Amino acid sequence: MDKAQMLEFWDELWAKSMWYPALNLAFKDLSPQQAAWKPQAGRNSIWQNLNHLCFWREVVVGRTKGIKQPPQEVIDRENFAEPAEVSDNAWREAQQRFERSQKLVHDAIESGGITMEQLKMMVPHDAYHVGQVMYLRAMQGRPAVEYG
């Protein structure tokens, strides 16, 4: 797969539903309270899954720019970070961060910083967590995200 194909594939994951819903749909139509809901203590919320995806995308792109792995205390704090505030504005900002992370990876692919090997690791990682999000949505009685 050449760079142009990688970019097309990455962009399609955002905008076009394939084997799982388009990434731009997975976190839509949720209130901040629904995004922060947990099925039980010790489990992650939709919001925490979103924060996790953003964090690791940012780390991977940072590595392409020579930024070292974050220290363990940063990983412990940011990996599945709880929302600091459950509000419309905070939820909107979290979703905007996700959109920025999509563009960040796009730009890293375009510049040659993200390789096919890295992309092969990122896509299943994102799909796995989007699957968790779909299940958490269903547990709250949310309708399925349309895709096909």
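Counting every C-alpha pair in the chain, the share spaced more than 27 angstrom apart comes to 21%.
Mean-square fluctuations from a GNM of the chain, with a 10 angstrom spring cutoff on Cα atoms, peak among Met134, Met116, Met18 at Met18. Considering only Val123, Val105, Val74, the Gaussian network model of the chain with Cα springs below 10 Å gives its largest mean-square fluctuation to Val74. For segment 99-110, 3J(HN,Hα) computed residue by residue from phi via the Karplus equation (6.51, -1.76, 1.60; θ = phi - 60°) reads 4, 5, 5, 4, 5, 4, 5, 3, 5, 5, 5, 4 Hz, glycine and proline entered as x. Extending 7 Å from Cα along the Cβ direction at Ile75 and again at Ala15 yields two label points whose distance is 3.5 nm.
In loop segments of segment 64-148 as defined by DSSP, the GluC sites (Glu not before Pro) with at most 14 further C-beta atoms inside 10 Å of their C-beta are Glu85, Glu146. With a cut-off of 13 Å on the backbone N, the residues of segment 52-76 near the modelled label site 7 Å out from Thr115 along Cα-Cβ are 64.
When the chain is modelled as a GNM with alpha-carbon springs shorter than 10 Å, which of Ala138, Ala108, Ala36 fluctuates the most? Among Ala138, Ala108, Ala36, the largest mean-square fluctuation in the Gaussian network model of the chain belongs to Ala138. Neighbour counts of other Cβ atoms within 10 Å put Lys16, Lys65 in the fewest-to-most order Lys65, Lys16.
Using the alpha-carbon positions of segment 27-106, Rg (one decimal) and Dmax (whole number) come out as 13.2, 39 Å.
Full extension of the chain segment joining Gln40 with Glu93 gains 16.6 nm, where the gain is 0.36 nm per residue of separation less the Cα-Cα distance. Note on segment 3-139: with charges restricted to the Cβ of Lys and Arg (+1) and Asp and Glu (-1), its dipole about the Cα centre is near 160 debye.
Every read-out reported here was derived from the displayed coordinates using simple, explicitly stated rules and does not represent laboratory data. It should be emphasised that the depicted structure is a prediction, and the values quoted were computed from it without experimental measurement. In this analysis, Cβ positions are derived from the backbone assuming ideal geometry, glycine residues included, and neighbour counts consider all displayed protein chains.
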